[in-house]
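Note sheet for the following structure.
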Amino acid sequence: MSAEILVLNAGSSSLKVSLFAAAPEPQLLFRSNVDGLGPAASHHDALVQVVSQLTQQRSAWQPTVIGHRIVHGGTRFQAPVLIDPSVRDYLASIVPLAPLHQPGGLAGIDAAARAFPGVRQVACFDTAFHATRTFAHDAYALPREFYEAGVRRYGFHGLSYASIVTTLRRIAPERAEGRLIVCHLGNGASLCAIHQGRCIETTMGFTALDGLPMGTRCGQIDPGVLLYLLSQRGMTVNELSDLLYKRSGLAGLSGIGSDMRDLLNSATTQAKEALEHFLHRTTLHIGMLAAALGGVETLIFTAGIGEHSATIRGELCRRASWLGVSLDEQANERGERVISTDRSKTVAMVVPTQEEAMIAKLASEVAGIKG
Ligand code: AMP
């Protein structure tokens, strides 16, 4: 039997499990998603449940290697790594950098170690893709000691961006090495400027709050607003965190919710204003990344909104006409791979993100598995 890679993508209250055959590119064999985890049901219980589904068909089954999506690699990890006790300790030590997201990843590692003792585990980081940037790009203009202590613009969604580069190298190799702006527009949303397959700039920073307004997150905000909320409105740190992560963004502006489909279907003024804000802010950030690249040859849409909403893609392409994007309305409506016209100077594309296949590929490379 060929090598099999189990991929765990653990959120704070969910666990996505997928199984891939290694050869020659990862092939999806199985996928399961367990939601609603918390005090009553742990990540370990969820994994045991999924593994029992998997082993019903095959006795004494176990994966060759296990790959994990880990949100934060801190300042130490800039590439995927085999997990040993010292790696796990480091990942636990940086929970304060990503208190909402890192604990889920650690729970996934512990659950996998209990379910499959002795099987190698690989941590794949959402921050790693952006680690090639220089000090000028990842610093905040704070006293230097804060940079040394890890207060940096890390950037996230890196596994998604790496997967887009990998796919592009396969389907459009002549474009893959050029100047790209990738729009990862899902519940969380960010943009990444890429040249020669490497990150040049991205819109998220120290946390996944920065940059674009998202489903429930605020995006870029003047830090003075936070000082005002703390000092003048008497908000506690927990209240502020809840506001910025869960009650802001499209949900906060529209009063309807975070789902783009609901906003697009709504006739209320608030929904229209929330949409216009999202389009405006995203357009500004596309301009910023185009400046970082000194021009752009390919504009790519991915993730839930980017892959499925012709309306949002169309609006963003029209607003990017100054960059040389000429939209092909029909191709966009049909969701074709290329949605710009033949004469478009900048090519607009829809490329599905494949974060889990990327984790499988990275884990098999780190574990030295040949397909
Ligand atoms: P993701 O986080 O990548 O799974 O994206 C989830 C988001 O994609 C949802 O919250 C929706 O807002 C959005 N989405 C999914 N399908 C569509 C669609 N057909 N049109 C607009 N938005 C969509």
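The values are calculated or read from the model by the stated rules, or taken from the named source; none is laboratory data. What you see is a predicted model, and the numbers here were worked out from it, not measured in a lab. Here the Cβ is made from the backbone with ideal geometry for all residues, glycine too, and neighbour counts use every protein chain on show. The area values use the complete protein model at the heavy-atom level, side chains included, leaving out ligands, DNA and RNA. Shrake-Rupley method; radii C 1.70, N 1.55, O 1.52, S 1.80 Å.
How many residues, within the stretch 141-160, are open to solvent by less than 20 Å² (accessible area, probe 1.4 Å) and hydrophobic (A, V, I, L, M, F, W, C)?
2
When the stretch 95-131 is examined, which residues are found to be modelled with pLDDT of 90 or more, surrounded by fewer than 20 Cβ atoms within 10 Å (Cβ to Cβ) and not in a helix (DSSP H, G or I)?
PHE116, PRO117, GLY118, VAL119, ARG120, ALA131
In the stretch 175-201, how many are more than 16 Å from the ligand (Cβ to nearest atom) and open to solvent by 10 Å² or more (accessible area, probe 1.4 Å)?
Residues that pass the stated criteria total 10.
What are the pairs, 6+ residues apart or on separate chains, where a residue within the stretch 270-296 that is over 14 Å from LEU316 (Cβ atoms) has its Cβ under 7 Å from a residue that is open to solvent by less than 30 Å² (accessible area, probe 1.4 Å) and hydrophobic (A, V, I, L, M, F, W, C)?
These pairs meet every condition: ALA271/LEU263; ALA274/LEU250; ALA274/LEU263; ALA292/ALA193; LEU293/ALA193.
Is it the case that LEU209 is of a type outside the set (D, E, K, R), within 16 Å of the ligand (Cβ to nearest atom) and outside any helix (DSSP H, G or I)?
Here the answer is yes, as LEU209 does meet what is asked.
Which condition number does THR64 fail, the rest of (1) open to solvent by 50 Å² or more (accessible area, probe 1.4 Å); (2) within 15 Å of ASN9 (Cα to Cα) being met?
All conditions pass for THR64, except number (2).
Anything in the stretch 170-188 that is touching a helix residue (DSSP H, G or I) at 6+ places or on another chain (Cβ under 9 Å) and of a type in the set (Val, Ile, Thr)? List them, or say none.
If the condition is that a residue be touching a helix residue (DSSP H, G or I) at 6+ places or on another chain (Cβ under 9 Å) and of a type in the set (Val, Ile, Thr), then ILE181, VAL182 are the ones that fit.
Here is a list: ARG58, ARG88, ARG76, ARG69. Which entry is open to solvent by 30 Å² or more (accessible area, probe 1.4 Å), among the basic types (Lys, Arg) and touching a residue at least 24 places away in the same chain (Cβ under 8 Å)?
ARG69
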